[in-house]
Structure formats: C-alpha cells, structure tokens
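The values are calculated or read from the model by the stated rules, or taken from the named source; none is laboratory data. What you are looking at is a predicted structure, and each value in this text was computed from that prediction instead of being measured. Methodologically, a virtual Cβ is constructed for each residue, glycine included, from the backbone with ideal geometry; neighbour enumeration extends over all protein chains shown. For the accessible areas, the whole protein counts, side chains as well, though only heavy atoms, and no ligand, DNA or RNA atoms are used. Shrake-Rupley method; radii C 1.70, N 1.55, O 1.52, S 1.80 Å.
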Amino acid sequence: MKEINFEHRMGAHCESGTVTSLLNHKGLEITEPMVFGIAGNIFFGYFESSNFSFPTFIVRNRPGSIRKNIAKSLGVKFYTKDFKSREQGEKMLDDLISKEIVTAVQVDFYYMDYMPEWQRAHINVHFVNVIGRNENEYLLSDSYYPKKSTLSIPKLTKARFAGGFMAPKGFLFYPESVPSDIDFEKAIRKGIKKAAYNMTKLPVPLVGVKGIRKFARKVTDWPKLARDSDHLSHEIMKINILLEDQGTGGAGFRYLYATFLQQAAEMLNDDQLKKMSKRMMEIGDNWRNISYFAAKIGKNRDLGPERLKELSNMINDMADQEQPFFTELYKIVK
C-alpha cells in the first residue's frame, strides 16, 4: 500500500472535516468550526420538490459551498475537476496519489462499506480524502470514521460515478496553495455577516428563518402526504436524523456554529461574540429538544393532530429565537 503521510481526524461534518484536514495537511492551522463559520454555512431551508419523495429540510448551505467560500475568504487556491469518463477520473486520482497529493473526492455514501450497514444510505454528497492505494484498494480518511479505512478500487469508482440527484461525476479537489498571511478577522466577520444575511434577509419564503416558519406550518399537513402511519412515523423520526445523525455536530449544526463563535470571540477578543456563542448553544439545546420529541412521537406512533401541533409550535419557537439572534449578529459585524 502506497500511503501518504497524513494525520487522520474525525469531524462533525464530512465536507467541513475533509476541507479542514486538507488545509491542516497543507500547513494551515485551522479548526473545523472555524472552517464552517468562515464559510458562512449555517443555514435552514424547507423544500417540497419532485427531487424529494417527501418534504425535507436542510440545516447547512449547499454541498460544495464550504470549499468555495473558504477559497474566497482565505485566498486558498483549490484544484477542482469532474469527469465524463470513469477511466479518466480513476486515472487522474491514481496519478495524484502517485505524486503523494492527498485528494478529496465526492461519493455516494452508500458504498462506503467500512461504515455500519444500518448507517449507510444513497447520498451523493459525501466527501472523503484519498491518502493511498495498492493494486486492489484505496486508503481513505473519512471524517465520519474513527480510523483510516480501505475501499476496493471498483467500489470507490462506483461511488464517485453514481447516478441520481446531485451525481458526483467523479468530482475531486485538493488545495494547490495556501497564503502565508491570512486576515482571519476579516474572514470571520465576512462569514458571520454572510450567514446572518442568509438566515434573515434572503427574499425567499423557504429559506432562513422564513423556512423554519414554513416547516412549522407544513409539518401538521404531513399526514395527508404520507402513504400510511408507518410512512408518517418514518418521516417524523427522520427529523431527528437530519438534525442529529447526518454529520451535523448535533442540533442541526447549531453546536458547531456556537463553537465557531466561541473561537472567533477568543481570536478577536470580542465579548459580544462570546455572549452570542452562549446564546447559540442554548438555541442548539432547543433544537435538540425537537429532535428528541420527534423521535419519541414517531417511535410511539403518537402522531395525532395535537402532537403534530405541539411539534409545530416547538419549531416555530425556533424561528422566534433565531430571528433576533441572527439580526443582532448581523449588526455586530456590520
């Protein structure tokens, strides 16, 4: 096995963890919460679309935005490429590994067979770092897994070229250069301003705080959309999964963002950001209460109108908390 000297680290989320590890490997000392926060990736969106079999929500910005925003804010130059040909995509990855260039790839998470089977699902926006190869396998560093892992060459290629919604198309990237002098204060304030703007000022009714309110209104109608009680139970319990289990760091990335604000407060010696960090941690606790409540009523099939109204009120309360929070945060860094 040709293995590149690379320090494996677990992360709260696959993209922020992968990008952080690449930057650390390139010599930049930066934490995952700082990467996530500078990228302005805290978010909320509620979606009803033909791309989804059932209404769903997101709690972070779109995949790929962390890398793109870090490039803009920190001046990091990334090489990126996708492919029409599997052969070309596999050859380029192999060439990069032979040159000892740690390379991130986008994959369908389902094929990461080192993970427990119950945990894997067809999600085309998982990211891992490739750090080695032999004649049969690739060596990977996956921020969701506690140690370096191996995956067969055909399996990784299949995962990189899976079809469906947001197909990876063999996408890969790595940092070519990192500036020696970075204005972190400017980057931090820019990232905070971007996140606060997205949460409170985007003129779209399904994103930000408006998206949370839409979720609160619509969740009481979910029984009309479900095939049967088992389907409804599954979708309600999935609220817990989306907030807690899909690499969010807990409470829909709110704990990760609170940590970012704490680190930003220390770096900038800013007491206001320190106070906002504590408030975000409390907001995270309340999102977690929603997670537990949804899991409980879903598991118990306690899904009558009164219970769903209670869930709706809890979600709407989060909009009442996040509206003033992000409005104030925007003013602090303006």
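If you line up the long axis of helix 305-333 against the longest principal axis of the chain, both from Cα atoms, how many degrees apart are they, to the nearest 10? Rounded to the nearest ten degrees, it is 60.
What FRET efficiency would be calculated for the residue pair Lys169, Tyr197, taking the C-beta separation as r and a Förster radius of 30 Å, to the nearest 0.05? Result of the calculation: an efficiency of 0.50.
Could you tell me which of the pairs Lys91/Lys193; Lys77/Lys334; Lys299/Lys331 are separated by over 31 angstrom between their Cα atoms in the structure shown? Among Lys91/Lys193; Lys77/Lys334; Lys299/Lys331, the Cα-Cα distance tops 31 Å for Lys91/Lys193; Lys299/Lys331. Per residue, the convex hull spanned by the alpha carbons of region 134-182 comes to 156 Å³.
As a length-normalised measure over Cα pairs under 8 Å and 6 or more apart, the relative contact order of the chain settles at 21 percent. Each eigenvalue of the Cα gyration tensor of the chain, multiplied by 5 and square-rooted, gives one semi-axis; in descending order these are 34, 27, 16 Å.
Length, then width, then depth: along the principal axes, the Cα atoms of region 181-323 run 58, 29, 24 Å. In terms of the Cα gyration tensor, with a ≥ b ≥ c the square roots of its eigenvalues, is region 25-88 rounded because a/c is under 1.5, prolate because a/b exceeds b/c, or oblate? Because a/c hits 1.5 or more and a/b fails to exceed b/c, region 25-88 counts as oblate.
In this rough spin-label picture, where each label sits 7 Å from Cα along the Cβ direction, the Asn136-Glu185 distance is 5.6 nm. Determine how large the accessible area of Arg279 is when every protein chain is in place; take a 1.4 Å probe and give Å² rounded to the nearest 10. Its accessible surface works out to 80 Å², give or take rounding.
In summary, the lysines within cross-link reach of Lys148, defined as a Cα separation below 16 angstrom excluding same-chain residues under 8 places away, comprise Lys2. Under a model in which nothing but the beta-carbon of Lys, Arg (+1) and Asp, Glu (-1) is charged, region 56-99 shows a dipole of about 320 debye around its Cα centre. Farthest towards the positive end of the charge dipole of region 247-292, among the residues Ala258, Ser277, Ile290, is the Cα of Ile290, using unit charges on the Cβ of Lys, Arg, Asp and Glu.
Taken per residue, the accessible surface of the chain reaches 46 Å², heavy atoms only and a 1.4 Å probe. For a modelled paramagnetic label at Val204, 7 Å from Cα along Cα-to-Cβ, the residues of region 26-66 in reach, with backbone nitrogen under 11 Å, are 44-47, 61-62. Cα-based radius of gyration for region 1-129, normalised by 2.2 N^0.38 Å, reads 1.15. The listed residues Met314, Met166 rank as Met166, Met314 when sorted by accessible area, largest first, using a 1.4 Å probe.
Share of carbon and sulfur in the accessible area of the chain stands at 48%, probe radius 1.4 Å.
Note on Thr31 and Glu7: their simple-model spin labels are 1.5 nm apart, each label 7 Å out from Cα toward Cβ.
Cross-link reach is defined here as a Cα-Cα straight distance under 25 Å, omitting same-chain residues fewer than 8 places apart; for Lys296 the lysines meeting it are Lys214, Lys218, Lys224, Lys238, Lys309.
Around the Cα centre of region 23-118, unit charges on the Cβ atoms of Lys, Arg, Asp and Glu (plus for the first two, minus for the last two) sum to a dipole of about 580 debye. A cut-off of 5 Å between modelled amide H atoms, ignoring neighbours fewer than 5 places along the same chain, links Phe78 with Glu176. Given a Förster radius of 41 Å and the C-beta distance between His231 and Ser152 as r, what FRET efficiency does 1/(1 + (r/R0)^6) yield to the nearest 0.05? Once rounded, the FRET efficiency stands at 0.75. Spread over its residues, the convex hull of the C-alpha atoms of region 173-259 is 162 Å³ per residue. Taken over region 103-200, the convex hull of the Cα atoms encloses 156 Å³ per residue. Accessible surface for His122 stands near 120 Å², nearest 10, in the context of the full protein assembly shown (1.4 Å probe). One compactness figure for region 276-333 is 1.36, namely its Cα radius of gyration divided by 2.2 N^0.38 Å. For region 24-120, the list of GluC sites (Glu not before Pro) that fall in a loop by DSSP and count at most 14 other C-beta atoms within 10 angstrom reads Glu29, Glu48, Glu100.
The protection proxy used here, the mean number of other Cβ atoms lying within 10 Å of each residue, ranks peptides 185-196, 170-181 as follows, highest first: 185-196, 170-181.
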